[in-house]
1. Out of Leu58, Leu62, report the one residue that is part of a helix (DSSP H, G or I), open to solvent by 50 Å² or more (accessible area, probe 1.4 Å) and in contact with a Leu (Cβ under 7 Å, 6 or more places away or on another chain).
2. Could you tell me how many of the residues in the range 177-219 are of a type in the set (Gly, Ala, Ser) and open to solvent by less than 10 Å² (accessible area, probe 1.4 Å)?
3. Could you please give the count of residues in the range 30-55 that are within 26 Å of the chain's Cα centre (by Cα) and open to solvent by 70 Å² or more (accessible area, probe 1.4 Å)?
4. Anything in the range 259-270 that is part of a helix (DSSP H, G or I) and exposed (fewer than 15 other Cβ atoms within 10 Å of the Cβ)? List them, or say none.
5. Given the condition open to solvent by 70 Å² or more (accessible area, probe 1.4 Å) and not in a helix (DSSP H, G or I), answer yes or no: does some residue in the range 274-288 qualify?
6. Looking at (1) at pLDDT 85 or above; (2) charged (D, E, K, R); (3) touching an Asp or Glu at 6+ places or on another chain (Cβ under 9 Å), can you tell me which one Glu50 breaks?
7. Collect the residues in the range 220-236 that are open to solvent by 30 Å² or more (accessible area, probe 1.4 Å) and either in a helix (DSSP H, G or I) or at pLDDT 80 or above (or both), keeping them in residue-number order.
8. Among the residues of the range 1-29, count how many are modelled with pLDDT under 85, more than 21 Å from the chain's Cα centre (by Cα) and open to solvent by less than 20 Å² (accessible area, probe 1.4 Å).
Amino acid sequence: MKSFADLSEREILAVAIAAEEEDSRIYMSFAEDLKSRFPDSAKIFEEMAEEEKSHHHLLHQLYESRFGSALPPIRRENVKGFLRRRPIWLTKNLPLDTIRREAETMEFEAARFYSKAAERAGDPGVHKLLSKLAEMEKDHAALAAKLTDRILSPDVRSKEDQIGRRVFVLQYIQPGLAGLMDGSVSTLAPLFAAAFATHQNWQTFLVGLAASIGAGISMGFAEALSDDGSLTGRGSPWLRGATCGIMTTLGGLGHTLPYLVPDGWPNAFWVATTIAAIVVFFELWAIAFIRARYMDTPFLQAAFQVVLGGIIVLGVGIAIGSS
């Protein structure tokens, strides 16, 4: 993947052209999904889709006047820092408030991209168009924020509160959740493999401690290096990396600490393993709750995905350790 700072002016325009085309299709999908439930809001998304098409046309005209008709094969998924879009098949029958938040995030990211791109543009015409598009995307974000006013309670959050929550989720919840999931699930196999292979609590604890700290370091660096925050507004990469690394380590330590039960106790291994299994149960349900609360994932779906994945990994670890 290329970092935004390494993009040429030609590549910036090519990314913008592809992004406008994709966003237009996403908004039309929202409109089609809402048409039977909220026809007025569906019309707004249709208008937003048409505006994205007009942005695409303006950008394409400018690109052809500067660089000709051949577009370099680069899209935003090839650029470090862009947020992943929700797959289109997961946008069906979403609540209007969820669709509004999805649109807000899209426009928030687009406005930041155009603002950053305008700062780097050397050509006055390119700078002018990108700056104009940045302002238009900010207007879209404000429009998306008003979409559900009619169905929300009178104490609708202010725009500042919405932005603050978005930044909080991007900077802390998202990397923290990724770390907690990795630490809680990925360490299950080595921990329980060691437990059932040795039936020794202290050796099992050392394996779990090493796996937890190692996973924390790995995940921390992976998060810090994945996105410099210049486009997404996700803040300092090292802060996110530290959050992700710490939560990964804590996720692994949660079911490792029970193996500090002294081996001299009666049935020490089974006491520690029982406590660890209970801890794993609460860890997985906590992850499902956080995903449902902050990541717009239905709770039952989140619970099924996380618990099923955890059970499979746990089973693999026990099977290997018992063999």
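1. Result of the check over Leu58, Leu62: Leu58.
2. So the answer is 7.
3. Matching residues across the range 30-55 total 1.
4. Leu260, Trp270
5. no
6. (3)
7. If the condition is that a residue be open to solvent by 30 Å² or more (accessible area, probe 1.4 Å) and either in a helix (DSSP H, G or I) or at pLDDT 80 or above (or both), then Phe221, Ala222, Leu225, Ser226 are the ones that fit.
8. Matching residues across the range 1-29 total 1.
The values are calculated or read from the model by the stated rules, or taken from the named source; none is laboratory data. In this text, all values refer to a predicted model and were calculated from it rather than measured experimentally. When we count neighbours, we look across all protein chains shown, and the Cβ atoms used for this are built from the backbone with ideal geometry, even at glycine. SASA here: full protein model, heavy atoms, side chains in, ligands and nucleic acids out. Shrake-Rupley method; radii C 1.70, N 1.55, O 1.52, S 1.80 Å.
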